[in-house]
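Novice: Sharing a structure with you now.
The values are calculated or read from the model by the stated rules, or taken from the named source; none is laboratory data. Since the model is a prediction, treat every value here as computed from it, not as a measurement. FYI the Cβ positions are ideal-geometry reconstructions off the backbone, even for glycines, and counts take in every protein chain you see. Surface areas here come from the heavy atoms of the whole protein model, side chains and all, with no ligands, DNA or RNA. Shrake-Rupley method; radii C 1.70, N 1.55, O 1.52, S 1.80 Å.
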Amino acid sequence: MQIDTGTTELLCEVKDSVALITLNRPEARNAMSDKLTPALRNQIRERGADDSVGAILITGAGGFVGMALAKMLVARGDRVSHYSRREYAALGAMGVTQHVGVLEDTCALARAMKGCDAVAHVAARAGVWGTLGDFWRPNVLGTRAVLAACRQAGVSSLVVTSSPSVGFRS
């Protein structure tokens, strides 16, 4: 089911309870927080579901997408926590609980996820500079660790974001 986001630069489709989001151009990033959130909330309401998550951990909430998500969830009244390599003052000011660690540490992730209803895995290494290992560790090993930690912590919902525009050539 397509969701009208109000712009052709931001496409959103819900299929089997999963939102597939496409940003057609970098300029579309500005439309995300203004257009995506109301569209998804309307879709959730149409399905007759409660749009509150409860307790959610966000990996990478210090970045653009993660910060927008954290702001939305905090404003909605959800209990938000964050897992990253460092703490962020902006997240602390919003009352977000912060956990510091490396993304590949399954045990630390599972401890941070304890009591969470959902996890939004937004952390990643993007860009064009760096070695294969610089990208492999957070993007592949980190995602594997998030999946394993969700199983260990009994988290029932996981949302994973990715960028098809990220590439690596040796």
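Novice: From largest accessible area down, sort Arg85, Arg76; use a 1.4 Å probe on the protein chains.
Specialist: If we order Arg85, Arg76 from most to least accessible, we get Arg85, Arg76.
Novice: Under a plain spin-label model, where a point goes 7 Å from the Cα along Cα-to-Cβ, how far apart in nm are Ser162 and Asp105?
Specialist: 2.6
Novice: Then there's this: Over the heavy atoms of Met113, what accessible area does a 1.4 Å probe trace out, to the nearest 10 Å²?
Specialist: 0
Novice: Right, next: On the protein heavy atoms, probe 1.4 angstrom, tell me the percent of accessible surface of segment 90-130 carried by carbon and sulfur.
Specialist: Carbon and sulfur: 58 percent of the exposed surface of segment 90-130.
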